[in-house]
Amino acid sequence: MAATRPGLLRLTLALAAALFASRAPAAAELGAADHFELCATCHGAAGEGKPNLQAPAIAGLPAWYVEKQLAKFQAGVRGAHPDDHAGLRMRPMSRYLRSEEVVKQVADYVAALPAAKRGSSLSGGDAARGQASYALCASCHGAQGEGVQALNGPPLAHQSDWYLLSQMQKFQQGLRGANLKDAEGILMRPMSMTIPDEQGLKDVIAYIQTLPE
């Protein structure tokens, strides 16, 4: 999805980052909710996500997954491709979480938020056809899209359909999962390529949307 009003978005993020940075001298006194304020700029105060900013819902994601993704953004393992515009915005934001302890605090805070109702914006998907394709996804993401920590597979059942489509396309195009330090991404990329076209992606995502939240 194309970003809307990119200049305004950059200004908003810059102002939010500047406000957060101005509190840096007292960072040791800040709690998880304080650190989450910067995240809320794009992801929403309840972690519900903002599609117009290409920001996914994060509320209720497991802490282990949030920690891992923040570490990837901070290290440039994710969000460094020049065509990954949303990732490029996320990477500097992640760096305002200046220690592993702060990252853990924010991850725990996000995990404790009530999961948002998933958003549905795609049309044309056939859940019946998608169910067969999902059989391969289930090995890492769970039969009910609940996630499998042992395989580093995040939950999918609560996620908005537009975000699932965008990430699958990023894996297919090499915008995500091409960095050799991204072990999970390297595994995910060839899996994404087993679904050859956008219609197939919409079908499997339509099936994921039928899974219980």
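The values are calculated or read from the model by the stated rules, or taken from the named source; none is laboratory data. This one's a predicted model, so the numbers in the text were calculated from it and none came from an experiment. Positions of Cβ are backbone-derived with ideal geometry, glycine not excepted, and every protein chain shown enters the neighbour counts.
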Q. For segment 133-153, how many residues meet the condition of being of a type in the set (S, T, N, Q) and outside any helix (DSSP H, G or I)?
A. 2
Q: State which residue pairs qualify: first residue farther than 19 Å from LEU187 by Cβ and inside segment 123-146, second residue in a loop (DSSP other than H, G, I, E, B) and of a type in the set (S, T, N, Q) in any location, beta carbons under 7 Å apart, and separation of 6 or more residues or different chains.
A: ALA127/THR210
Q. What is the one condition in (1) over 18 Å from GLN167 (Cα atoms); (2) touching a helix residue (DSSP H, G or I) at 6+ places or on another chain (Cβ under 9 Å) that GLY79 does not satisfy?
A. (1)
**Q.** Members of segment 81-100 found to be among the small types (Gly, Ala, Ser) and surrounded by 14 or more Cβ atoms within 10 Å (Cβ to Cβ), listed by number
**A.** ALA86, GLY87, SER94
(Q) What are the pairs with Cβ atoms under 6 angstrom where one residue, in segment 185-213, is closer than 22 Å to ASN152 by Cβ and the other, located anywhere, is charged (D, E, K, R) and assigned to a helix (DSSP H, G or I)? Sequence gap at least six, or different chains. (A) ILE205/ASP161
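A quick yes/no check of all residues on (1) in the same structural domain as ASP84 (by TED's automatic domain parsing); (2) over 26 Å from PRO82 (Cα atoms); (3) not in a loop (DSSP other than H, G, I, E, B):
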residue: SER121; (1), (2), (3): no, yes, no
residue: GLN131; (1), (2), (3): no, yes, yes
residue: PRO155; (1), (2), (3): no, yes, no
residue: TYR163; (1), (2), (3): no, no, yes
residue: GLY177; (1), (2), (3): no, no, no
residue: GLU184; (1), (2), (3): no, no, yes
residue: MET188; (1), (2), (3): no, no, yes
residue: PRO196; (1), (2), (3): no, no, no
Q. Where residues in segment 195-213 are of a type in the set (Val, Ile, Thr) and within 19 Å of the chain's Cα centre (by Cα), which of them is nearest to SER123 (Cα to Cα)?
A. ILE205
Q: Among the numbered conditions (1) in contact with an Asp or Glu (Cβ under 6 Å, 6 or more places away or on another chain); (2) over 18 Å from GLY79 (Cβ atoms); (3) in a helix (DSSP H, G or I); (4) of a type outside the set (Val, Ile, Thr), tell me where ALA107 comes up short.
A: (2)
Q) Here are some residues: PRO196, PRO212. Which one is farther than 25 Å from HIS43 by Cβ, out of contact with any helix residue (DSSP H, G or I) (no Cβ under 8 Å at 6 or more places or on another chain) and at pLDDT below 95? A) PRO196
Q: Can you tell me which residue within segment 101-129, out of those that are within 19 Å of the chain's Cα centre (by Cα) and surrounded by fewer than 15 Cβ atoms within 10 Å (Cβ to Cβ), is modelled with the lowest pLDDT?
A: LYS117
Q: Give me a count of the residues in segment 26-66 that are under 14 Å from the mean Cα position of the chain (by Cα), surrounded by fewer than 20 Cβ atoms within 10 Å (Cβ to Cβ) and more than 18 Å from ASP161 (Cα to Cα).
A: 4
Q | Failed condition for LEU156, given (1) of a type outside the set (Lys, Arg); (2) out of contact with any Phe, Trp or Tyr (no Cβ under 7 Å at 6 or more places or on another chain); (3) farther than 28 Å from THR210 by Cα; (4) surrounded by 20 or more Cβ atoms within 10 Å (Cβ to Cβ) | A | (3)
(Q) Where the second residue is of a type in the set (Lys, Arg) and at pLDDT below 95 and the first is surrounded by 15 or more Cβ atoms within 10 Å (Cβ to Cβ) and lies in segment 160-181, which pairs have Cβ atoms under 6 Å and are six or more apart or on separate chains? (A) SER160/ARG118
